[in-house]
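The structure under discussion appears below in the form of structure tokens.
The values are calculated or read from the model by the stated rules, or taken from the named source; none is laboratory data. Everything numeric in this text was worked out from a predicted model, so none of it was measured. Here the Cβ positions follow ideal geometry from the backbone for every residue, glycine too, while neighbour counts run over all protein chains shown.
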Amino acid sequence: MGTLTIRKLDDKVIDRLKARARTRRHSLETELREILSQASRQPLILDALAEADRIAALTPSFTPHRKPQTEVLMLLQAGKP
């Protein structure tokens with residue numbers, strides 16, 4: 001396992017994180033580990049938008065009766081990769 005050092009973090013941020021950890025009955029270290037683990041599993045919206053652009057580039061050109069990007073946009077709005 002690696003070690004991570006974060007410098008120049010605002011004291012107010014640290015205080016809020018400590019309060020959050022206390023509320024959940026965690027140590028600050030445990031709380032930060034959970035926050036970082038959870039954040040690392042979340043897909044970046046930019047990745048999804050780049051994927052939508054890639055798919056749209058493969059899609060036949062727009063015709064008035066058909067909007068090929070609609071399904072991709074609906075999936076993105078629903079939070080599905």
### Task
Being hydroxyl-bearing (Ser, Thr, Tyr) and within 30 Å of GLN77 (Cβ to Cβ) is the filter here, so list the residues in the range 7-52 that pass it.
SER37, SER40
#### Entry: Within the range 23-48, considering residues that are assigned to a helix (DSSP H, G or I) and small (Gly, Ala, Ser), the one modelled with the highest pLDDT
SER37
### Query
What residue, of ARG20, ARG16, is loosely packed, with under 12 Cβ neighbours inside 10 Å, assigned to a helix (DSSP H, G or I) and modelled with pLDDT of 95 or more?
ARG16
